[in-house]
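Novice: Below are the structure tokens for one structure; questions will follow.
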Amino acid sequence: MVRRRLRSSTVVLGGMGVLAATLTACGSDPDRRCVDPVTREELPSYECDDSSGSGTARGSYYYGGRVSGGKAKDGSFDKTAVDRGGFGSSGSGGG
């Protein structure tokens, strides 16, 4: 039986792919959507952008959670309160 050795470039490229996937998964931000802070209704993203600096944006970004019946739930307006997790984390993914 003849053993076949992997070429070092194949091993290096495979290792780089795993490293890239790990860094992407661990460094990603939680899902966000534009939501009316009073009614929790989902809004178009431009309703959260206040590029004019006038402070008149109607919505706020809501992180994590999901939308059911047009209303956001199971998330937070505080980005730091939402833990997306990564490899080895338990729980369901954000959506």
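The values are calculated or read from the model by the stated rules, or taken from the named source; none is laboratory data. Model, not experiment: these values are computed from the prediction. Note that we place each Cβ from the backbone using ideal geometry, even for glycine, and neighbour counts take in every protein chain shown.
Novice: Could you say whether any residue in segment 75-90 is modelled with pLDDT under 55 and surrounded by 10 or more Cβ atoms within 10 Å (Cβ to Cβ)?
Specialist: Yes, segment 75-90 contains a residue that is modelled with pLDDT under 55 and surrounded by 10 or more Cβ atoms within 10 Å (Cβ to Cβ).
Novice: Look through THR10, THR22, THR56 and report the one residue that is outside any loop (DSSP other than H, G, I, E, B) and either modelled with pLDDT of 55 or more or among the basic types (Lys, Arg) (or both).
Specialist: When all the criteria are applied, what remains is THR10.
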